[in-house]
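The values are calculated or read from the model by the stated rules, or taken from the named source; none is laboratory data. Fair warning: this is a prediction, and the values are worked out from it, not measured in the lab. Using ideal geometry, Cβ is built from the backbone for each residue, glycine included, and neighbour counts are taken over all protein chains shown.
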Amino acid sequence: MVSEKATRICFQTDKCIDSWPRSNFNSGVRSEDYFPAEADLAAAGAAQMDLHRRAALATRARFGREVFVRAVVEVSNFCRENCTYCGMRRDNRELHRFRARHEQLAELLIQHRPASVTDINIQAGEDPVAVREVVLPLIRTLRRETSLGVSVCLGTLSPELYGELQSAGASIYIIKFEVGDAAQYKKFEAPGTFAERLRHIRLLAETGWNVSSGFIAGLPGQTPGDLLKNFEVARSLPLHGCSVSPFIPGNETPLADGKPANPCWPLNSIAALRLMRPDWIIPAVSALNLMETDGYRHGLRAGANLVTMNLTPAEVRGDYVIYKRDRFIMTEERVLAAIEAEGLVPSDGGLADFYRRRRAHGVVAEAVSHGAN
Ligand code: SF4
């Protein structure tokens, strides 16, 4: 673990940015002692604008105007888990299930990916069969034929499968803790147990993965105090990044009649994560656009620095229903338009490469030991 010099961050004017350290990877810097208050997470009006402005300045100071551009391919909607907030839960018998063919995906990604894409995220329900039959061969082909960075988001798997994925060439594991409290984790039937999920996050980090996690904001019955627990958990984990997904009631789920998240909550959470960890990679998730028209752009304005365009083949995309069937698909055109509209630029360098260089500079993910275990 490298020792870390706290950086004093000035949020007064844009001019201050010029005097801040510009290197992206000279230390695992986080802002001095920032931890959100409930009032930050529920902020509206002028207080919210100020929170987002401070977060955006912290992002610019760390990453300049560059935003990482990743593509996602969704390779299987089979899932052995039963999360109440997700349309792909195993009890959803209405859903047509698919596993993509790795040859088709390889052809798509090698021959037809947009030039702005530097990294691929391979995502599926928790489906070890798809990991063996689709994901592993796809990663090996991508490694052989391209210089793309490879992320995976495949759920809680065995240490052996994690090892195989790593040997094949993936280096970033996305595994969300979803809910920052063991009792609520159980109530929403999130995968396995809360303790097991955190144990796997730590195991992945210990075995050399760059781990990104995430949580859902605005679940039914969630209070600002509950939301705050996610921050305790996030900072206790050895992460390189964290996402915030708004709760959107999913068709064919037990929460179908729930109220969608108050848009302020996920956006304020993005800003608060940025202020808590200026060095983290924080995505603007496409579901932000399901909660408000400009949600995705608003995410970038609140401190996000990663965007994802969807390259899942059109014929199966409609069955990948984490939220509702009426998905908001982030195409290349939409992603690039959002980046440009916010005065940002796509990063020439890839995310996996960024992490690799950061590690070469001695920066490893650090947890802060408070609270959650
Ligand atoms: S959130 Fe993930 S693990 Fe849970 S049911 Fe959906 S696909 Fe499966």
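Selection of region 74-86 for residues being within 19 Å of the chain's Cα centre (by Cα) and part of a loop (DSSP other than H, G, I, E, B) yields N77, C83, Y85, C86.
The single condition from (1) closer than 27 Å to C153 by Cα; (2) within 19 Å of the chain's Cα centre (by Cα); (3) at pLDDT 95 or above that H52 fails is (1). For the residues A124, A71, the requirement of being within 22 Å of K176 (Cα to Cα) and within 16 Å of the ligand (Cβ to nearest atom) singles out A124.
Mind listing whichever residues of region 177-194 are within 18 Å of C79 (Cβ to Cβ) and either away from the ligand (no atom under 16 Å from the Cβ) or small (G, A, S) (or both)? Answer for region 177-194, where residues must be within 18 Å of C79 (Cβ to Cβ) and either away from the ligand (no atom under 16 Å from the Cβ) or small (G, A, S) (or both): A190, G192.
Yes/no matrix, rows are residues, columns are (1) modelled with pLDDT of 95 or more; (2) more than 28 Å from R358 (Cβ to Cβ); (3) surrounded by 23 or more Cβ atoms within 10 Å (Cβ to Cβ); (4) aromatic (F, W, Y):
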position: A168; (1), (2), (3), (4): yes, no, no, no
position: Q184; (1), (2), (3), (4): yes, yes, no, no
position: R199; (1), (2), (3), (4): yes, no, no, no
position: N210; (1), (2), (3), (4): yes, no, yes, no
position: P224; (1), (2), (3), (4): no, yes, no, no
position: A234; (1), (2), (3), (4): yes, no, yes, no
position: S243; (1), (2), (3), (4): yes, no, yes, no
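Which of (1) within 28 Å of E340 (Cβ to Cβ); (2) modelled with pLDDT of 95 or more; (3) surrounded by fewer than 21 Cβ atoms within 10 Å (Cβ to Cβ) does A106 not meet, given it meets every other one? All conditions pass for A106, except number (1). Residues that are under 20 Å from the mean Cα position of the chain (by Cα), of a type in the set (D, E) and either surrounded by fewer than 23 Cβ atoms within 10 Å (Cβ to Cβ) or under 17 Å from S158 (Cα atoms) (or both) within region 115-135 comprise E126, D127, listed in sequence order.
When you go through A168, A115, A106, A100 one by one, which is the residue that is more than 23 Å from F215 (Cα to Cα), out of contact with any Asp or Glu (no Cβ under 7 Å at 6 or more places or on another chain) and within 16 Å of the ligand (Cβ to nearest atom)?
Only one candidate passes the filter, namely A100.
Taking the listed residues R89, R80, R93, the one that is closer than 27 Å to P191 by Cβ, within 15 Å of the ligand (Cβ to nearest atom) and at pLDDT below 95 is R93, with no other qualifying. Which count do you get for residues in region 35-47 that are touching a Leu at 6+ places or on another chain (Cβ under 8 Å) and within 23 Å of I281 (Cβ to Cβ)? Of the residues in that region, 3 qualify. Against the test of being closer than 15 Å to D40 by Cβ and either surrounded by 19 or more Cβ atoms within 10 Å (Cβ to Cβ) or among the hydrophobic types (A, V, I, L, M, F, W, C) (or both), the options I216, I282, I270, I248 yield a single qualifying residue, I270.
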